[in-house]
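The structure appears below as structure tokens.
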Amino acid sequence: MTLLHEELAHERIRLLQEEVAALQWAAEVRRSRREALRAAARDTGRATRQEARIRLRGLRSLLTR
């Protein structure tokens, strides 16, 4: 293998390693966004349930007067 071929092979390996690192980073970003969206959905659901309880209490108090 000539020196030029060896350098080209090293360059290809380096570029592939960079591409793998970029793909891993993108996957981690997607994973963390997905987790954040799930957490936000849980929090929203929790807030909605709490608001519903408050409204029900208010309605019950109006009905029992």
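The values are calculated or read from the model by the stated rules, or taken from the named source; none is laboratory data. Remember, predicted model here, so these are calculated numbers, not experimental data. Positions of Cβ are generated from backbone atoms using ideal geometry, with glycine treated the same way; all protein chains shown enter the neighbour counts. We work out accessible area using only protein heavy atoms, side chains counted, and drop any ligands, DNA or RNA first. Shrake-Rupley method; radii C 1.70, N 1.55, O 1.52, S 1.80 Å.
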Practice item. Within the range 54-62, identify whether any single residue is aliphatic (A, V, I, L, M), outside any helix (DSSP H, G or I) and either in contact with a helix residue (DSSP H, G or I) (Cβ under 6 Å, 6 or more places away or on another chain) or exposed (fewer than 10 other Cβ atoms within 10 Å of the Cβ) (or both), and answer yes or no. Key: no
Practice item. Take the residues in the range 22-48 that are modelled with pLDDT of 90 or more and among the hydrophobic types (A, V, I, L, M, F, W, C), then tell me which one is most open to solvent (accessible area, probe 1.4 Å). Key: 25
Check your understanding: Only one residue in 51, 19 is over 24 Å from the mean Cα position of the chain (by Cα) and either in a helix (DSSP H, G or I) or modelled with pLDDT under 95 (or both), so which one is that?
Key -> 51
